[in-house]
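As structure tokens, the structure follows; a few thoughts come after it.
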């Protein structure tokens, strides 16, 4: 029995800083796993390694039993893993709809030659993709903002849009980097219910999150990371009530 | 977006209006010369030469009562700009004669001149290709090949059989180098080194040093700018070989500089009477140098031709001007010259620079 | 009419170049100042094939030249995948100067600084393009096809993709797209446009020399795109038409002849500054 | 002998180029502006000094006054052009094109006022010769080496020993942070460009003293200097200076093995290859 996502013995150094050391864990399909830990624990580094933006010095990642080592980011997306960024990285000069469309894979007309030689086919294919993208936007509750430029969207809406963009890729394992940080109470509820819905639709989520309330409400499992190493793994209740971890978490943050 | 389209349309409309002829009493000629960029120095002198001759004629009441107007276009010494300017002048201003300079642009315009029967008058460029570029292209000075033949023969006969070439990395310079390679060998000498310099660059030291290293008896030079600096650097480096060149050498500031003592060069004969040169200087604040004289002379040739066309009661066109010019054939302007072909033959001197003066070494008769 | 026609022909050739530059600089964000070099290679190649001892006709020459320029443009934009921003600008400057050196000094291949005279006019299946009027038709055809292609790809997913790349390559990769392939495609297309423009230019002027393909020409192209407007079709068309008209229009300003030329260039520089200060999106473009 | 003399003239060219490079590097590393108009300042300095010498002002005073004028002109460009663009959040491309515009304006004002002719400085001592063994250099060339080395030393001292120098380096390494800590990047930028303009005035006067003035002669040195700056590592004053000397010497010595017309092409070819394999430069700053 192979694990859904298996992270095995990751090691990575940035100059003298050891960002990851012998970091290993697994994730089960269909669950929401939260990745917590003090600042600098290596959470985003893990994301970068899993999604192929960073080559680890050592260790390997396997998804559904297939090794992801050495794959480029776009290949990993095609394998079924997509991510968001803490600083969003939306295309601010494009509309919300276009942002989602960029995420849709395998479109005809992404090669200029095809677009020039078969314009009608491209246009028809475009129309279908547009429908798909609209559905995705509806799904996250942004259908009415589809034509607006991203820079005119509120921060909460932008966060939702990042989720829409990863959904559009068709990936089944979504890596979300702090989807709830900096949001108002209303936006927070919207995003949490969205995450629950995604889980019900069969997606698996790995979420970096700081807000313990959010972690308690959505997480099935929690991974506690400290100094690039997995300190503990368990249910949210267990992790949050562990005084030693709390000491690290809050002590480390100060 | 819409406003910008309207703006663009207005722009083009203005462009067309700009070209409409003003009044019918004046006869228009054109000039397409580099007035900006690195070629501007010579281009401006050429423009002044033409303008000076035309202004003189106009002041005397014009040619048979007709005032002459010369419309100058800046081609930045570039072929594509020249084509645009050529079409602008011929279409919108209906000029029949256009003064040009610089080999590249002139060669680019030559096929158009043939097709449209517009007389191109070149009094400055000397690339060999110009001689046969178009029946409607008139060169009032020989191509550089002729001069180079003369100086090569002189050098070898004076016992200077090993030569280095310093050439400018441009159309004129490279044509000159090729001519030296051929003529000097034909005369019985050998080329031991050749070095290029960039147009407009004034640091010739590395090239001079390398040529000196080949121990030539003489250095043959084809550069159109920075001669004075070259002379001074030659002097500073204490080089001993003779330096020789063509008419390009006849820059008064070079001749005046003691560093250039001993420089030998061919000189197309052209001389401005002192009062003419003084008038020129008073008007433009610049000496009437070689190119100004050349274009002054060329403009006079055209004015004489125009006078004949008008006297024959013909309409002024490129064709009538061309035919009249070859009917007259021999002109006595600043210099007597003769058109046996499109390229005038001009008497030539070999001069040597000495104590700030250009001294005659040998006269070469018209062949 | 020939004046207006030759203005239109040259402007249309520059429209193709504007599209090429816009694809690279405006759209893909590859700040290249060596487009004139690619343009020049296209021109020299077409001239070479049409003047060879065993000459090719116009269309095959153009096709080969365009194909070579596709390859070349991919090659010269490769450094942009490795070095970024201003470093690439300087690398690109280097490529441009290198190309000028080759055009000027490789006398056997390019005629050197003397240039190549006597390039024959094109012959389209027995229809000789000799008059400027016919040239307008030919160039309008090519420029029209270029504009159509540009419009088609920009409204297709490719257009969206390259815009996204310009903003954030990492995010595009995270969305599962191959950034490298898209950039190479943009470079290839830009190369094809520049090569085609070069061929038209060479046959229209019947004479080419290195001065048409130097650094100034590259900068003129950039300026056209900037003044016209980046990333739009309208911008790529307006820019060339306007900037080629500008020197002609400025002759209207009455200035003493001795300083006229410098004064014109000066006004030109001032216009650039004013545009950048007050309308950096150009006349009909998007924010740079 | 030939090699020695070529080496010496290469050193002279390289030292002058080095000052252009360190001044450009100061501007670029700090402001991230690709300040092409710097070439205009270079040219302007030479012409101003020439005018004063023509009116009988002693050379040294003319040089100093020209430096002051260049300083003012540089500060003006920063203050009136770049700062405005910065406020409008202009992109790199926009600033670069505006800078090209400024260069065109400066060059053509000069061309309109002074004509495009090559002008010579009317000083008689400049071409007097000195012999160092088999190597012959004129006074101007020797002066160029001495002044350039002094300028390099002064810049190093300034950057590492003075408060303003440290502030400039702080802003260069992180303008955001420097902004937060109230170093006021925009003010620092004005100082930087002013100082760089004064520096570039030195070769701007000394090179034409030897080789003559031309209105469009600033671009090539600037481009070569830029290449030296990048190859040397942006932000490294020593890197920029050393690489400038290196490039000029290699360009000169390359004549020993190949025709001169290829030396520029080969320089850029090597640079392009270099950029592909070592894009951060030899002396990457840290």
Next item on the list: Mind listing whichever residues of the range A:221-242 are buried (at least 17 other Cβ atoms within 10 Å of the Cβ) and in a helix (DSSP H, G or I)?
Entry: A:236, A:239, A:240
Notebook entry, point to check: Does residue B:108 satisfy being within 12 Å of chain C (Cβ to nearest Cβ) and either surrounded by 24 or more Cβ atoms within 10 Å (Cβ to Cβ) or modelled with pLDDT under 85 (or both)?
Noted result: yes
Next item on the list: Return a yes/no flag: does the range D:38-53 have any residue that is out of contact with any strand residue (DSSP E or B) (no Cβ under 8 Å at 6 or more places or on another chain) and within 11 Å of chain C (Cβ to nearest Cβ).
Entry: yes
Next item on the list: Return a yes/no flag: does the range C:230-251 have any residue that is under 12 Å from the mean Cα position of the chain (by Cα) and facing another protein chain (nearest Cβ under 7 Å).
Entry: no
Check: without any contact (Cβ under 8 Å) to a residue 40 or more places away in the chain and at the interface with chain D (Cβ under 8 Å from one of its Cβ atoms), is that true of residue B:226?
Finding: yes
Next item on the list: Those residues that are under 11 Å from the mean Cα position of the chain (by Cα), away from chain B (no Cβ under 13 Å) and assigned to a helix (DSSP H, G or I), I need them from the range C:13-36; list them, please.
Entry: C:16, C:18, C:19, C:20, C:21, C:22, C:23, C:24, C:35
Notebook entry, point to check: Which of the following residues is at pLDDT 90 or above, assigned to a helix (DSSP H, G or I) and touching a helix residue (DSSP H, G or I) at 6+ places or on another chain (Cβ under 6 Å): B:53, B:113?
Noted result: B:53
Note to self: I'd like the full set of residues that are in a helix (DSSP H, G or I) and surrounded by fewer than 23 Cβ atoms within 10 Å (Cβ to Cβ), limited to the range A:137-160.
What the structure shows: A:138, A:139, A:143, A:144, A:145, A:150, A:151, A:152, A:155, A:156, A:157, A:158
Checklist line | Among residues of the range B:285-303, those that are touching a residue at least 12 places away in the same chain (Cβ under 8 Å) and surrounded by fewer than 18 Cβ atoms within 10 Å (Cβ to Cβ), counted | finding: 2
Next item on the list: Please tell me if residue C:145 is surrounded by fewer than 23 Cβ atoms within 10 Å (Cβ to Cβ), within 11 Å of another protein chain (Cβ to nearest Cβ), assigned to a helix (DSSP H, G or I) and modelled with pLDDT of 90 or more.
Entry: yes
Item checked: One residue from B:43, B:65, B:30 being away from chain C (no Cβ under 11 Å), at pLDDT 85 or above and crowded, with 24+ Cβ neighbours inside 10 Å -> B:30
Item checked: Scan of the range D:85-101 for residues that are in a helix (DSSP H, G or I) and either on the phi > 0 side of the Ramachandran plot or out of contact with any helix residue (DSSP H, G or I) (no Cβ under 6 Å at 6 or more places or on another chain) (or both), ordered by number -> D:86, D:87, D:92, D:93, D:96, D:99, D:100
Checklist line | Matching option when the condition is in a loop (DSSP other than H, G, I, E, B) and in contact (Cβ under 8 Å) with a residue 12 or more places away in the chain, among D:221, D:215 | finding: D:215
Notebook entry, point to check: Of the residues that make up the range C:17-26, is at least one within 29 Å of residue B:89 (Cβ to Cβ) and in contact (Cβ under 8 Å) with a residue 60 or more places away in the chain?
Noted result: yes
Notebook entry, point to check: Conditions: (1) touching a residue at least 40 places away in the same chain (Cβ under 8 Å); (2) part of a helix (DSSP H, G or I); (3) more than 14 Å from chain D (Cβ to nearest Cβ). Residue C:172 meets all but one. Number of the miss?
Noted result: (1)
Next item on the list: Grab the strands (runs of 3 or more DSSP E) fully contained in the range B:250-367, keeping just those with 3 or more residues being more than 17 Å from the chain's Cα centre (by Cα) and more than 18 Å from residue B:63 (Cβ to Cβ).
Entry: B:348-354, B:357-364
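Yes/no per residue for (1) farther than 18 Å from residue B:350 by Cα; (2) surrounded by fewer than 23 Cβ atoms within 10 Å (Cβ to Cβ); (3) modelled with pLDDT of 85 or more; (4) not assigned by TED's automatic domain parsing to the domain that holds residue B:358:
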residue	(1), (2), (3), (4)
B:159	no, yes, yes, no
B:173	yes, no, no, no
B:187	no, yes, yes, no
B:212	yes, yes, yes, no
Next item on the list: Could you tell me whether residue A:198 is more than 14 Å from chain C (Cβ to nearest Cβ), at pLDDT below 90 and either more than 12 Å from the chain's Cα centre (by Cα) or outside any helix (DSSP H, G or I) (or both)?
Entry: no
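For every residue, the table says whether it meets (1) over 30 Å from residue B:51 (Cβ atoms); (2) crowded, with 24+ Cβ neighbours inside 10 Å.
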site	(1), (2)
B:229	no, no
B:240	yes, no
B:250	no, no
B:266	no, yes
Note to self: Can you tell me which condition residue B:355 does not meet? The list is (1) under 20 Å from residue B:269 (Cβ atoms); (2) in contact (Cβ under 8 Å) with a residue 12 or more places away in the chain; (3) not assigned by TED's automatic domain parsing to the domain that holds residue B:56, and all the others hold.
What the structure shows: (1)
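The values are calculated or read from the model by the stated rules, or taken from the named source; none is laboratory data. Just so it is clear, the structure is predicted and the values come from calculations on it, not from any experiment. So basically every Cβ, Gly included, is an ideal-geometry build from the backbone, and we count neighbours across all protein chains shown.
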